Amino acid sequence: MSLRESRVSAIYPGSFDPITNGHLDVIERGSRLFDRLIVSVLHNESKSPLFSVADRVAMLQEAVAPFPNVEVDSFHGLLADYALKREATVILRGIRAISDYENELQMALMNRRLQPGLETVFLLAGEAFSFISSRLVKEVISLGGNIAGLVPPIVEERLRIRLRPTQTT
Ligand code: PNS
């Protein structure tokens, strides 16, 4: 007999503009903790994203292909409402440093107030990834720096096309 009778679905929400290897580390570890993990991109034009939601979803889908219990989606509006709609009881978030904590704490408490029973589970970023952010990766490649190993190969390719400074002779 199974020790756990109900299946646990978790949502890993974010901007993912674009996905980094830090996100992928959280996804891989989260996929082992939960029966189903939904990685979901927020539609939020106020952040002036580099990639469209469709592009971000496509890159995520390629990156999570090795994990059979992980799916990719996108959402509008309140995360707490979306979690209810998707029948998820857990929000998964990664924490890199103490500077992430304050905002994450506020969001977790607000989400639990909006949707009692919705728990946020934090994974500490792997030590090899704790300095990586989508913002820094975009800045480094736009200034000609090397981002190999920081993002999945498909993302590096797309970033190079979009942001790499043109060579002048
Ligand atoms: O990758 P990010 O930008 O840190 O992700 C932030 C995200 C998408 C998790 C957060 O902005 C969010 O959940 N937005 C949805 C709107 C909402 O529910 N706001 C109240 C949250 S307390």
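The values are calculated or read from the model by the stated rules, or taken from the named source; none is laboratory data. Remember, predicted model here, so these are calculated numbers, not experimental data. Ideal geometry is used to build each Cβ from the backbone, glycine not excepted, and the neighbour counts take in all protein chains shown. Accessible surface is based on the protein model in full, side chains and every heavy atom, while ligands, DNA and RNA are left aside. Shrake-Rupley method; radii C 1.70, N 1.55, O 1.52, S 1.80 Å.
Just one of the numbered conditions (1) within 11 Å of the ligand (Cβ to nearest atom); (2) over 11 Å from the mean Cα position of the chain (by Cα); (3) in a strand (DSSP E or B) is not true of Glu71; which one?
It fails just one condition, (1).
Can you find a residue that is within 14 Å of the ligand (Cβ to nearest atom), hydrophobic (A, V, I, L, M, F, W, C) and either open to solvent by 40 Å² or more (accessible area, probe 1.4 Å) or out of contact with any strand residue (DSSP E or B) (no Cβ under 7 Å at 6 or more places or on another chain) (or both) anywhere in segment 154-167? Steps first, please.
If we filter segment 154-167 for residues that are within 14 Å of the ligand (Cβ to nearest atom), which is where we start, we get none.
Looking through segment 154-167, none of the residues is within 14 Å of the ligand (Cβ to nearest atom), hydrophobic (A, V, I, L, M, F, W, C) and either open to solvent by 40 Å² or more (accessible area, probe 1.4 Å) or out of contact with any strand residue (DSSP E or B) (no Cβ under 7 Å at 6 or more places or on another chain) (or both).
Being of a type outside the set (D, E, K, R), open to solvent by less than 50 Å² (accessible area, probe 1.4 Å) and assigned to a helix (DSSP H, G or I) is the filter here; which residues of segment 54-68 pass it? Break it down into steps so the answer makes sense when it comes.
Looking only at segment 54-68, we keep the residues that are of a type outside the set (D, E, K, R), and these are 54, 57-61, 63-68.
Now restrict to residues that are open to solvent by less than 50 Å² (accessible area, probe 1.4 Å): 57-60, 63-64, 67.
Those that are of a type outside the set (D, E, K, R), open to solvent by less than 50 Å² (accessible area, probe 1.4 Å) and assigned to a helix (DSSP H, G or I): Val57, Ala58, Met59, Leu60, Ala63, Val64.
Does any residue of segment 29-45 turn out to be within 15 Å of the ligand (Cβ to nearest atom) and at pLDDT below 95?
First pass over segment 29-45, keeping only residues within 15 Å of the ligand (Cβ to nearest atom): 30, 37-45.
After this cut, where a residue has to be at pLDDT below 95 as well, the list is 44-45.
Yes, the conditions are met somewhere in segment 29-45.
Would you check which residues across segment 27-41 are farther than 11 Å from Ala10 by Cβ, touching a residue at least 24 places away in the same chain (Cβ under 8 Å) and either open to solvent by 50 Å² or more (accessible area, probe 1.4 Å) or in a helix (DSSP H, G or I) (or both) and list them?
Glu28, Arg29
Mind listing whichever residues of segment 107-123 are more than 11 Å from the ligand (Cβ to nearest atom) and free of Cβ contacts under 8 Å to residues at least 40 places away in the same chain?
Residues satisfying the conditions are Pro116, Gly117, Glu119, Phe122.
Specify the residue that is least open to solvent (accessible area, probe 1.4 Å); the eligible residues are those in segment 84-100 that are near the ligand (Cβ under 9 Å from one of its atoms) and under 14 Å from Tyr12 (Cα atoms).
The qualifying residue least open to solvent (accessible area, probe 1.4 Å) is Ile91.
Any residue at all in segment 114-124 that's within 21 Å of Pro18 (Cα to Cα), open to solvent by 40 Å² or more (accessible area, probe 1.4 Å) and at pLDDT below 95?
The answer is no; no qualifying residue exists.
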